[in-house]
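*Asks:* Below is the structure I would like to discuss, written out as structure tokens.
The values are calculated or read from the model by the stated rules, or taken from the named source; none is laboratory data. Predicted, not measured: the structure shown is a model, and the values here were computed from it. Positions of Cβ are backbone-derived with ideal geometry, glycine not excepted, and every protein chain shown enters the neighbour counts.
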Amino acid sequence: MDAAWSDLQALVGAENMRAATAEDAVDGVVPQMVIEPGGAEEVAGVLKIATGAGLAVIPRGGRTKMDWGNLLRNSERSGTLILSTSRLNRVVEHAWGDMTATVEAGCTFQRVQETLAQHGQRLALDPLWPEQATIGGILATNDTGPLRVRFGSLRDLIIGITLALPDGTLAKSGGKVVKNVAGYDLPKLATGSLGTLGIITQTIFRLHPVPRETRTLSFSTADGAAANALVLAIQDCNIVPTGVQIRAASSAMPEVDLRFEGTAPGCEAQIEQTLRICSGARRVEPPENVWNARSELWSGTESLIVCKFTLLPAELGTFLTSIRKLSEALQWSWRLVAQSVGVGYLRLDGGNSGNVVSALQNLREELESRGGSLVLLRCPLAIKSKIDVWGSAGDALPLMRNIKAQFDPEGVLNPGRFIGGI
Amino acid sequence: MPLDSRILDKFRAVVGRGLITEDSQLHTYECDGLTNFRVLPQAVLLPTSTEEVQAIVRICQREKIPFVARGSGTGLSGGALPVEKGIVISLARMNRILEVDLPNARMVVEPGVINADVTQRVAPHGYFYAPDPSSQSVCSIGGNVAENSGGAHCLKYGFTTTHVLALEVVLPDGSIVHLGSRTLDRPGYDLPGIFVGSEGTLGIATKIVLRIVKKPAVIQTLLAAFNSTEEAGAAVSGIIGAGMLPAAIEMMDNLAIQAAEASVHAGYPNCGGLLLVELDGPAAEVEHLIDEVGKICTQCGAWEIRVAQSEAERAVVWKGRKAAFAAMGHISPNYIVQDGVIPRTALPKVLSEMERMSAAQGLRVANVFHAGDGNLHPLVLYDGRIPGQEERAMELSIDILRLCVKCGGSITGEHGVGEEKKSMMPEMFAEPDLETMQLVRCAFDPEHLANPGKVFPRTRLCAERTGPYHPHPLEAAGVAQFF
Ligand SMILES: Cc1cc2nc3c(=O)[nH]c(=O)nc-3n(C[C@H](O)[C@H](O)[C@H](O)COP(=O)(O)OP(=O)(O)OC[C@H]3O[C@@H](n4cnc5c(N)ncnc54)[C@H](O)[C@@H]3O)c2cc1C
């Protein structure tokens with residue numbers, strides 16, 4: 001083992017390696033070392049040494065979502081290393097004429113956005129905690145916000161990637177052009193893979209213009225069904241909002257927020273049309289930072305549970321009713337933010353009532369039976385040790401295991417943290 | 001050597017009369033839209049259900065017979081080209097639309113459904129299926145999925161991959177798996193993301209869940225005539241630079257215009273560079289922006305601008321563009337279509353370089369582009385009766401692709417690598433890149449039975465890498481069996 005540490009030190013320099021502390025713990029497990037390689041080659045080199053030495057490697061970006069995923073399974077590894085991408089933090093190229101940007105994985109989202117804004121462009125994405133979250137972490141967790149109703153999610157924006165594999169291979173896929181079908185689409189495979197296939201070192205994105213104007217309007221609705229009906233009515237007419245979300249809570253009536261971007265006349269005309277469609281709902285003043293409502297779900301107490309749920313857009317109303325019933329029975333309070341495309345985030349505050357796990361499982365079963373899912377993003381460790389945070393991968397799990405076995409045969413990267421214990 | 005009768009009997013037991021072994025009929029399947037590659041298959045099977053596809057693939061797996069899926073055979077890279085000693089599985093008879101779910105804007109279709117039929121089915125409700133390859137009236141959704149096909153409107157709406165949510169697939173080992181889900185963000189690896197665009201090498205899609213899109217309130221198409229493609233290119237940059245995202249921006253050069261006129265009489269002005277810009281969206285937005293587009297075009301030298309407003313006027317404007325490939329037959333006995341991509345800003349450089357190359361080879365090159373996303377379709381014109389011309393044309397078309405790669409682009413934007421361009425892959429990717437991509441192949445098809453020999457110049461041997469099986473801690477503890 002000592003040999004491996006000294007090899008690593010020789011590769012990245014002593015100043016870029018340190019013993020891990022309690023602050024570096026991942027779900028309560030304190031790794032041995034934290035290493036900060038200075039470039040893609042070094043990342044690949046670190047992986048090769050770690051693989052040879054039988055270490056487990058936990059990739060880390062801005063540390064905002066290190067608790068997403070199952071508990072680490074490092075018992076079969078000889079030690080655990082955190083590989084931080086903090087020194088891979090450059091915006092390598094902003095080809096504004098081509099509306100693409102090449103960005104290193106450790107670059108924070110905010111930094112990218114500020115650079116792109118200099119030419120009136122943006123990555124049309126609104127991830128959680130943009131000041132700290134890095135591009136690599138956002139991709140690995142597939143974290144997207146309300147803009148996706150118009151611009152799609154990460155998989156629709158990423159066009160190229162460089163991955164460092166456990167055997168030390170550095171592989172590129174995709175490219176710098178928006179349209180490209182040469183070879184398999186590894187950028188998509190890496191998106192949402194929680195760093196279990198390779199470490200993302202560099203990415204290329206397609207960009208969009210910063211909108212000329214932005215307008216938001218909010219409505220208060222009588223109940224979940226009414227909120228759902230409103231959202232579906234918007235989808236079924238030909239206005240094109242860049243954000244449609246439902247905010248709901250145990251203590252309040254659901255509200256629906258709509259955002260429009262474009263030219264001033266375009267926004268105005270769409271608002272007018274929206275007001276006609278929503279004539280049954282009461283217009284209210286949107287709260288401050290309404291489009292950050294999602295990140296606010298994480299604020300506060302320790303015993304907090306935050307889940308991501310997916311369902312068909314037309315089932316949002318039914319789901320709201322289920323949540324209300326469930327939380328009444330358990331005496332929980334809850335809050336949620338759901339995007340109209342059928343992706344939402346639910347926060348539960350319930351203390352440690354004993355039947356949380358089975359209640360979550362019931363909720364998950366209900367969602368999965370209709371093609372949806374329930375993923376726990378944050379929960380107390382006591383709960384995490386009793387439930388798979390991801391839920392079912394269905395009959396594709398063997399295929400997913402095959403993919404993992406091809407890319408990371410020894411199980412070096414984030415062992416156990418992904419779906420089905422991958 | 002033909003397949004022995006024992007195997008043919010097994011196939012017949014599955015598909016009955018849907019088995020073709022007559023030479024004369026097999027010839028129909030010996031190539032796709034790229035007719036200069038031909039291989040006669042051993043047999044063609046026409047299953048009508050997922051179960052039949054599965055039964056066929058199981059036989060192939062047991063007997064180690066390679067198979068090639070085929071949709072409508074319009075591919076332009078030899079993707080559906082049969083392989084030696086292999087069979088073709090045609091999905092043409094699996095052509096039912098299984099489900100239309102308007103509230104959720106989803107549809108479930110079989111792979112043999114024709115692209116245009118999807119839109120036709122939901123058009124009365126104000127929806128459409130966005131990916132619109134020029135071949136949409138004949139090509140199949142299964143083929144679109146395999147090629148990740150694009151079309152003029154993908155600039156704004158995204159390619160096939162954006163619109164495929166889930167798939168039922170028969171894997172090369174004969175198992176049926178479900179990739180993705182009707183809902184977004186299914187936990188786990190993005191398997192639809194990797195399957196779409198895999199050119200038939202990972203398995204056979206037997207059901208596809210598509211996303212459909214609400215028709216925009218207003219569509220306006222502007223046609224602008226310039227003296228040169230350089231001027232037209234500058235207008236494209238101007239439009240994008242002004243922060244607009246049109247639904248489509250298409251460009252044609254003079255030769256392409258001549259061909260389109262000769263074949264469908266679209267009424268295009270006779271000019272050096274023609275631009276079609278389509279804007280769609282809310283009426284107020286479109287009306288405001290179309291004026292801006294017009295102004296930018298004028299500033300860049302456009303001497304004629306027309307705006308098509310009605311559906312009929314738009315149809316005429318598009319007719320010439322959509323017929324552009326086929327129209328080449330009117331001005332040249334033979335032609336090669338290429339499918340390079342360049343960063344949009346490299347357009348002037350690439351065009352002038354292409355002009356030089358075409359003069360050097362003494363061959364004409366007509367150009368049709370998806371200008372908004374930098375996808376070029378250079379059409380290299382030649383006369384196959386003149387000895388040596390075909391070879392020179394091939395050489396020129398390959399050199400054009402090299403030029404695209406040199407400028408930071410790609411060898412294919414939508415037609416796929418297939419058989420035709422696999423030898424070009426190393427010009428775009430290094431060996432480790434190609435080896436890494438093939439890890440995916442090894443995970444899906446370790447025995448290389450699905451469309452073998454395509455896409456990659458060399459086949460990676462698949463290591464047996466099943467990895468040690470780790471029971472999930474919860475599984476081990478007997479707490480749960482979720483998976
Ligand atoms: C005139 C013309 C214009 C064209 N314009 C465009 C255009 O604008 N944009 C564009 O992108 N393409 C275009 N193409 C190319 C072609 O139409 C597309 O690639 C189309 O998607 C092919 O569909 P197909 O059904 O004909 O597939 P095929 O040619 O039969 O097969 C294509 C590939 O798909 C695989 N495949 C077929 N079905 C399945 C299945 N069910 N499961 C797994 N694999 C399968 C085959 O093995 C093969 O590799 C054009 C072609 C022509 C002839």
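*Asks:* Got at least one residue in the stretch B:18-32 being of a type in the set (Phe, Trp, Tyr), part of a loop (DSSP other than H, G, I, E, B) and within 13 Å of the ligand (Cβ to nearest atom)?
*Replies:* Checking the stretch B:18-32: not a single residue is of a type in the set (Phe, Trp, Tyr), part of a loop (DSSP other than H, G, I, E, B) and within 13 Å of the ligand (Cβ to nearest atom).
*Asks:* Given the criterion hydrophobic (A, V, I, L, M, F, W, C), surrounded by 13 or more Cβ atoms within 10 Å (Cβ to Cβ) and over 25 Å from B:Ala283 (Cβ atoms), identify the matching residue among A:Phe260, A:Phe309.
*Replies:* Details: A:Phe260 fails: over 25 Å from B:Ala283 (Cβ atoms).
One residue alone meets the criteria, A:Phe309.
*Asks:* Only one of these is aliphatic (A, V, I, L, M) and modelled with pLDDT under 95: B:Ala152, B:Ala166, B:Ala146, B:Ala123. Name it. Working first, answer last.
*Replies:* Numbers: B:Ala166 fails: modelled with pLDDT under 95; B:Ala146 fails: modelled with pLDDT under 95; B:Ala123 fails: modelled with pLDDT under 95.
The conditions single out B:Ala152.
To keep it simple, each residue is scored yes or no on (1) assigned to a helix (DSSP H, G or I); (2) among the β-branched types (Val, Ile, Thr); (3) under 23 Å from the mean Cα position of the chain (by Cα).
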| residue | (1), (2), (3) |
| --- | --- |
| B:Thr48 | no, yes, no |
| B:Ile65 | no, yes, no |
| B:Ser77 | no, no, yes |
| B:Ala92 | no, no, yes |
| B:Glu99 | no, no, no |
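*Asks:* Give the residue that is nearest to the other protein chains (Cβ to nearest Cβ), with candidates limited to residues of the stretch A:204-240 that are within 30 Å of A:Glu93 (Cα to Cα), in contact (Cβ under 8 Å) with a residue 60 or more places away in the chain and not hydrophobic (A, V, I, L, M, F, W, C). Working first, answer last.
*Replies:* Initially, the stretch A:204-240 is screened for residues within 30 Å of A:Glu93 (Cα to Cα), giving A:204-214.
Filter once more, so that each one left must be in contact (Cβ under 8 Å) with a residue 60 or more places away in the chain: A:204-210.
Those left that are additionally not hydrophobic (A, V, I, L, M, F, W, C): A:206, A:208-209.
Numbers: A:Arg206: 9, A:His208: 7, A:Pro209: 3 Å.
Among them, the one singled out is A:Pro209.
*Asks:* Here's a follow-up. Step by step: first the residues of the stretch B:137-166, then only those that are more than 14 Å from chain A (Cβ to nearest Cβ) and near the ligand (Cβ under 8 Å from one of its atoms), then the one that is surrounded by the most Cβ atoms within 10 Å (Cβ to Cβ). Which residue is that? Please lay out each step first, then the result.
*Replies:* Filtering the stretch B:137-166 for residues more than 14 Å from chain A (Cβ to nearest Cβ) gives B:137-142.
Retained after the next criterion (residues that are near the ligand (Cβ under 8 Å from one of its atoms)): B:138-142.
Working: B:Val138: 15, B:Cys139: 22, B:Ser140: 27, B:Ile141: 31, B:Gly142: 29.
Selected residue: B:Ile141.
*Asks:* Something else now. Suppose we keep only residues that are more than 7 Å from chain A (Cβ to nearest Cβ) and not in a loop (DSSP other than H, G, I, E, B) within the stretch B:167-191. Which one would you say is farthest from A:Asn180 (Cα to Cα)?
*Replies:* Taking the candidates together, the pick is B:Ile176.
*Asks:* Return the pairs, sorted by first residue and then second, in which the second residue is assigned to a loop (DSSP other than H, G, I, E, B) and away from the ligand (no atom under 16 Å from the Cβ), the first residue lies in the stretch B:5-33 and is within 22 Å of B:Ala146 (Cβ to Cβ) and away from chain A (no Cβ under 14 Å), the beta carbons are less than 8 Å apart, and the residues are 6+ apart or on different chains.
*Replies:* Short answer, once both residue conditions are applied: B:Leu26/B:Leu40; B:Glu30/B:Leu40.
*Asks:* Here is a further query. Here is a list of conditions, (1) crowded, with 17+ Cβ neighbours inside 10 Å; (2) at pLDDT below 90; (3) more than 16 Å from the ligand (Cβ to nearest atom); (4) not β-branched (Val, Ile, Thr), and B:Lys322 meets all of them except one; can you say which number that is?
*Replies:* For B:Lys322, the failing item is (3).
*Asks:* Please go through the stretch A:185-196 and pick out each residue that is more than 8 Å from every other protein chain (Cβ to nearest Cβ) and outside any helix (DSSP H, G or I).
*Replies:* Passing the criteria: A:Leu194, A:Gly195, A:Thr196.
*Asks:* While we're looking at this one, here's another question. Scan the stretch B:213-225 and give yes if some residue there is touching a His at 6+ places or on another chain (Cβ under 9 Å) and within 16 Å of B:Ala166 (Cα to Cα), otherwise no.
*Replies:* no
*Asks:* Can you tell me which residue among A:Gly350, A:Gly354, A:Gly394 is over 15 Å from A:Asn70 (Cα atoms), within 7 Å of chain B (Cβ to nearest Cβ) and not hydrophobic (A, V, I, L, M, F, W, C)? Before you say what the answer is, go through the steps one by one.
*Replies:* Details: A:Gly350 fails: within 7 Å of chain B (Cβ to nearest Cβ); A:Gly354 fails: within 7 Å of chain B (Cβ to nearest Cβ).
Result of the check over A:Gly350, A:Gly354, A:Gly394: A:Gly394.
*Asks:* Restricting to the stretch B:106-119, name every residue that is within 8 Å of the ligand (Cβ to nearest atom) and part of a loop (DSSP other than H, G, I, E, B).
*Replies:* Passing the criteria: B:Pro111, B:Gly112.
*Asks:* Can you name every residue in the stretch B:120-136 that is more than 10 Å from chain A (Cβ to nearest Cβ) and more than 7 Å from the ligand (Cβ to nearest atom)? Lay out the reasoning, then the answer.
*Replies:* Taking the stretch B:120-136 and keeping what is more than 10 Å from chain A (Cβ to nearest Cβ), we get B:120-124, B:128-136.
Those that are more than 10 Å from chain A (Cβ to nearest Cβ) and more than 7 Å from the ligand (Cβ to nearest atom): B:Gln120, B:Arg121, B:Val122, B:Ala123, B:Pro124, B:Phe128, B:Tyr129, B:Ala130, B:Pro131, B:Asp132, B:Gln136.
Matching residues to (1) at pLDDT 95 or above; (2) closer than 30 Å to A:Asp395 by Cβ; (3) touching a Leu at 6+ places or on another chain (Cβ under 7 Å); (4) facing another protein chain (nearest Cβ under 9 Å):
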{"site": "B:Leu379", "(1), (2), (3), (4)": "no, no, no, no"}
{"site": "B:Lys406", "(1), (2), (3), (4)": "yes, no, no, no"}
{"site": "B:His415", "(1), (2), (3), (4)": "yes, no, yes, yes"}
{"site": "B:Ala430", "(1), (2), (3), (4)": "yes, no, no, yes"}
{"site": "B:Gln438", "(1), (2), (3), (4)": "yes, yes, no, yes"}
{"site": "B:Arg465", "(1), (2), (3), (4)": "no, yes, no, yes"}
{"site": "B:Leu474", "(1), (2), (3), (4)": "no, yes, no, yes"}
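*Asks:* To continue, here is another question. All but one of (1) touching a residue at least 60 places away in the same chain (Cβ under 8 Å); (2) within 16 Å of the ligand (Cβ to nearest atom); (3) surrounded by fewer than 22 Cβ atoms within 10 Å (Cβ to Cβ); (4) in a strand (DSSP E or B) hold for B:Ile219; which doesn't?
*Replies:* Checking B:Ile219 against (1) touching a residue at least 60 places away in the same chain (Cβ under 8 Å); (2) within 16 Å of the ligand (Cβ to nearest atom); (3) surrounded by fewer than 22 Cβ atoms within 10 Å (Cβ to Cβ); (4) in a strand (DSSP E or B), the one that fails is (2).
*Asks:* Here is a check on your reading of the model: is B:Val68 buried (at least 16 other Cβ atoms within 10 Å of the Cβ), within 16 Å of the ligand (Cβ to nearest atom) and within 14 Å of chain A (Cβ to nearest Cβ)? Let's see the steps before the verdict.
*Replies:* Numbers: buried (at least 16 other Cβ atoms within 10 Å of the Cβ): yes; within 16 Å of the ligand (Cβ to nearest atom): yes; within 14 Å of chain A (Cβ to nearest Cβ): no.
No; evaluated as a whole, the condition is false for this residue.
*Asks:* Same structure, new question: Would the stretch A:52-65 turn up any residue that is in a helix (DSSP H, G or I) and outside the structural domain of A:Thr201 (by TED's automatic domain parsing)?
*Replies:* First, pick out the residues of the stretch A:52-65 that are in a helix (DSSP H, G or I): A:52.
Filter again for outside the structural domain of A:Thr201 (by TED's automatic domain parsing), leaving A:52.
Yes, that holds for at least one residue.
*Asks:* Filter the stretch A:347-381 for residues that are in contact with a Phe, Trp or Tyr (Cβ under 8 Å, 6 or more places away or on another chain) and among the basic types (Lys, Arg) and give the result.
*Replies:* Listed by number, the residues that qualify are A:Arg347, A:Arg378.
*Asks:* So which helices (runs of 4 or more DSSP H) are wholly in the stretch B:227-313 and hold at least 1 residues that are touching an Asp or Glu at 6+ places or on another chain (Cβ under 9 Å) and either small (Gly, Ala, Ser) or over 29 Å from A:Pro241 (Cα atoms) (or both)? Even if it seems obvious, please write down each step before you answer.
*Replies:* Working: elements: B:229-241, B:254-264, B:283-299.
Hits in the stretch B:227-313: B:229-241, B:283-299.
*Asks:* Let me ask something else. Can you find a residue that is in contact (Cβ under 8 Å) with a residue 40 or more places away in the chain, of a type in the set (Lys, Arg) and more than 8 Å from the ligand (Cβ to nearest atom) anywhere in the stretch B:79-95?
*Replies:* yes
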